[in-house]
Every structure is written in structure tokens, then in C-alpha cells.
Amino acid sequence: MNRLEKDKPTIQILVSHSIGEGQIMELLYGMEEEEVPFTVQRLKEDTAIQLGYQAACSSRLGVGIGVGSDYSVILHYEKLLKEEPLFQMNILDHSLSLRALGANAARLVKGMPFKELDIKEPPIQNDRLPEKQESITKNRIASIIRRVLSEAE
């Protein structure tokens, strides 16, 4: 690695040597989609919290990701305490989106709102349900709460 590559502002990703490359590809795709550069290094250290904090502190952008041997993934920011990462998830938890976590690392750099990590389940297709179901909006929920609170007084 030449000096220019070393000084390039990137999100640092430190990965335990026991994690396969294919297991973190979705994470990398999330950052790539947000067009923020990243670098990946493999280390013998195996705790995600240590790797994530070390990655954030060594990144010129102040953002780092650690992937531990226990399949934990930590998104860390250099201004946070080591024990208080921004996001934590497990690669094996398929109800969470590893791609969204990668995008959130990039969005932290860009100062944009974060994506939801939860994967939304598609609606259940059932012939007995009406074709058009009313979706509840935030305004509708707020009006219901106001009504309940006014009746409670």
C-alpha cells in the first residue's frame, strides 16, 4: 500500500480472520451503494467491539466497522465510548439487514438519516383479506393518541 492509499479517507473495516469474505459482502455493498470508500483488513483480534472501536479510531473519517469471530458486527464512531457502539448486530440474524448497516456507516460519514436495519416482511397473501387494506399513517396514529388522551382527562 502506498502513502496515498494509506492517507485516503475511508471507512475502516476490521474483520476477524475466521470470518469468510462472502459473509461480509452485503455490508460492503451497502457502503458501495452510498458511494463512500472503505478498506478491509483482516486481523487476529476476534472481538467485534475491539475491532470496531479500533477501526473507527484509525479511520480518517472517524467511522469503523468490526466483525468478530462470534459473527457480531459493530458500527462504531470515534467520538463514542468503546463500550457504546452506534449499531450492533449478528451476521446470522437474517431479520436484520447487513446491507443497511453498511449503508448506515456511509450515511454517518455523509450526515444523512439512517436506514432501518429491520427487514420488512412482505404482506401475507390471503384470499379472505380485503384486497385494499387501509394503511395507518403517522398522522392517523397521532390523532388516535390525541383522542385517547383527551378522553382520559
Summarise the accessible area of the range 1-101 (1.4 Å probe, protein heavy atoms) by the percent that is carbon and sulfur.
50 percent
Assuming a ≥ b ≥ c are the square roots of the Cα gyration tensor eigenvalues, decide whether the range 1-63 counts as rounded (a/c under 1.5), prolate (otherwise, with a/b larger than b/c) or oblate.
oblate
Excluding R99 itself, what net charge comes from residues whose Cβ is under 12 Å from its Cβ, given Lys and Arg +1 and Asp and Glu -1?
-4
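Counting other Cβ atoms within 10 Å of each Cβ, which GluC sites (Glu not before Pro) in the range 1-107 have at most 13 and sit in a DSSP loop?
On the way: sites: E5, E21, E26, E32, E33, E34, E35, E45, E78, E83; in loops: E34, E35, E45, E78, E83.
Answer in residue order: E35, E83.
The values are calculated or read from the model by the stated rules, or taken from the named source; none is laboratory data. Values in this document were obtained by computation on a predicted structure and should not be read as measured data. Cβ atoms come from the backbone with ideal geometry, glycine included; neighbour counts cover every protein chain shown. Calculation scope for accessible area: heavy atoms of the full protein, side chains included, ligands and nucleic acids excluded. Shrake-Rupley method; radii C 1.70, N 1.55, O 1.52, S 1.80 Å.
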